[in-house]
Amino acid sequence: MRLRSASARPTSVSRDDLREAIRRGVRKINVGSALKSAAIESMRAALADAGPGYNPYEVIGSGLPNDVMIACRQAVKRVTQGYLELFGSAGKAEGF
């Protein structure tokens with residue numbers, strides 16, 4: 001197994017390589033770039049959906065369906081859940 005440089009984007013390392021790294025004892029894998037990328041891409045999509053005549057009070061922090069922050073939070077949650085499952089950590093924390 002050959003892992004790419006630590007400076008590479010997380011998406012450049014395959015899920016199979018990540019599983020193998022964990023199997024071989026790697027205990028720390030940085031996923032911040034993947035989470036930030038998911039957040040930014042979800043915000044871009046949500047803002048594009050809002051269109052040019054958007055009301056800023058509705059699209060940022062309103063809690064309404066077109067709130068970009070909700071889209072961002074859901075995207076980060078989805079990526080996080082995927083990593084928890086990949087890493088074998090899903091469902092192991094009590095009380096959450």
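What translational diffusion coefficient, to the nearest whole µm²/s, does the chain have by Stokes-Einstein, given a Kirkwood radius computed over alpha-carbon pairs, a temperature of 25 °C and 0.890 mPa s viscosity? Diffusion coefficient, whole number: 160 µm²/s. Each Cα pair under 8 Å and six or more residues apart adds its sequence gap; the mean of these over the residue count of region 30-86 is a relative contact order of 40 percent. The region of the chain that goes longest without hitting one of the trypsin sites (Lys or Arg not before Pro) in a DSSP loop, each with at most 15 other Cβ atoms within 10 Å, is 29-91. Mind checking which of LEU47, LEU86, LEU64 has the largest fluctuation in a GNM of the chain, springs on alpha carbons under 10 Å? Most flexible of the set in this elastic network: LEU64. Picking from ASN55, ASN30, ASN66, which is most flexible by a Gaussian network model of the chain using Cα springs under 10 Å? Between ASN55, ASN30, ASN66, it is ASN55 that shows the largest mean-square fluctuation.
Candidates ILE40, SER89, GLY25 compared by Cα position along the dipole of the chain: farthest toward the positive end lies GLY25, with charges placed on Cβ. Each 5 Å bin from zero up to the one holding the largest Cα-Cα distance in region 43-96 carries the following percent of pairs: 4, 19, 21, 16, 10, 11, 11, 6, 2, 0.
Considering only GLY32, GLY61, GLY53, the mean-square fluctuation computed in a Gaussian network model of the chain, springs between alpha carbons under 10 angstrom, is largest for GLY53.
Read the figures in this text as sums done on the coordinates, not as results from a lab. Owing to the predicted nature of the structure, the values given are computational and were not obtained by experimental measurement. Every residue, glycine among them, receives a Cβ derived from its backbone with ideal geometry; neighbour counts consider all protein chains shown.
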